[in-house]
Ligand code: GLN
């Protein structure tokens, strides 16, 4: 299969969509990112790599970090994590508050904001220095040492993070947040602010394609059961209220972020990351989603 040719072809075919969509302007710093950026990086478990466009340019990973947060939390805390956060798709926007009240402060899943805020609280309780621990984990997954939090992005989100603040407070009132609400929020904004390239994210996601074992360092980051569960949640909840549509069109477990990135995997085969900042009305990358649909259709690779 000539993956490189297909990736180039896909990139050309989504040209008309590249400047469409809306950049996430509710985080003022993200509104500054040029909409015409586009990159794809694909890595196979046999170390083959294929790429195109702005795939070596850093972007804000935002909600894609929720997968790493969950992975770190379950690898330390084991299954008790799932007592405080569910595993059902929400069918609601990523920052919705409606279910939280009638479900008594237990978020539907770890990949919507409320769920990731609970995971942040769990990490704060699990580690003396959760901020450093998370970055160290991410660096190990990628195989480098220079990933950082983007202070500007985190501060920009904090300045307007009213809905996230409302969620933590509501969950605290139900007893599902142990730590100080401001500490949880600050750490959550930092977790979302990490800048990575498509290449770096594809390297990090390879661990999920490889059943939880590092491809280069062969370290077992997740047990088989932890891997199975995280991948299942990516499949059912990775795209908020568009998870069904993503499964229908693309057919890979994955996770998106409002920075315009989408990271996905085909278990036992590859990881693939697309970046295009223009978002659709659900907050998922418009050209990114189309590119992945074309890619899995042309290569006839999906989990189905
Ligand atoms: N940091 C963003 C927020 O909390 C992440 C949302 C996303 O990427 N969907 O709103």
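Values in this text are rule-based calculations from the coordinates and carry no lab data. Predicted model, so just to flag it, every value in this text is computed and none were measured. When we count neighbours, we look across all protein chains shown, and the Cβ atoms used for this are built from the backbone with ideal geometry, even at glycine.
The stretch 88-169 has equivalent-ellipsoid semi-axes of 26, 16, 12 Å, by the square roots of 5 times the alpha carbon gyration tensor eigenvalues, sorted largest first.
Computed from Cα atoms, the angle from the helix 130-142 axis to the main principal axis of the chain rounds to 20 degrees. Spatial offset of the stretch 56-123 relative to the stretch 232-271 amounts to 15 Å, using the alpha carbon center of each. Once the C-beta distance of residue 217 and residue 101 is scaled by a Förster radius of 35 Å, the resulting FRET efficiency is 0.20 to the nearest 0.05.
If a/c stays under 1.5 just call it rounded; otherwise compare a/b with b/c (prolate if a/b is bigger, oblate if not). Do that for the stretch 5-63, with a ≥ b ≥ c from the square roots of the Cα gyration tensor eigenvalues. Verdict is oblate for the stretch 5-63.
Only Cα pairs under 8 Å and 6+ residues apart enter the sum, and on that basis the relative contact order of the stretch 164-237 stands at 16 percent.
In percent, rounded to a whole number, the relative contact order of the chain is 28, using alpha-carbon pairs under 8 Å and six or more apart. Each eigenvalue of the Cα gyration tensor of the chain, multiplied by 5 and square-rooted, gives one semi-axis; in descending order these are 28, 21, 18 Å. Fully extending the segment from residue 178 to residue 281, taken as 0.36 nm per residue of separation minus the present Cα-Cα distance, adds 33.7 nm.
Ordering 302, 271 from the fewest to the most neighbouring beta carbons within 10 Å gives 302, 271. The helix-based estimate of mean residue ellipticity at 222 nm for the chain, built from -39,500 (n - 2.57) per DSSP H run of four or more residues and divided by its residue count, is -14000 deg cm²/dmol to the nearest 500.
Distance between the 7 Å Cα→Cβ label points at residue 139 and residue 2: 4.2 nm. Counting neighbouring Cβ atoms within 10 Å and putting the fewest first, the residues 248, 239 line up as 248, 239.
Of 56, 199, the sequence from fewest to most neighbouring Cβ atoms within 10 angstrom is 56, 199. For the stretch 133-290, pairs of C-alpha atoms spaced more than 23 angstrom apart make up 45 percent of the total. Between 0 and 90 degrees, rounded to the nearest ten: what's the tilt of helix 113-126 against the longest Cα principal axis of the chain? With both axes taken from Cα atoms, the answer is about 70 degrees. Rounded to the nearest 10 degrees, the angle from helix 198-209 to the longest Cα principal axis of the chain is 70 degrees. Ordering 120-131, 139-150 by mean Cβ neighbour count within 10 Å, with the highest value first, yields 120-131, 139-150. Our estimate of slack between residue 249 and residue 129, defined as 0.36 nm per intervening residue step minus the Cα-Cα distance, is 39.2 nm.
Measuring nothing but how far apart in sequence close Cα pairs (under 8 Å, 6+ apart) lie, relative to its length, the stretch 198-304 scores a relative contact order of 25 percent.
With a ≥ b ≥ c the root eigenvalues of the C-alpha gyration tensor of the stretch 1-107, is it rounded (a/c under 1.5), prolate (a/b larger than b/c) or oblate? Note, shape of the stretch 1-107 comes out oblate.
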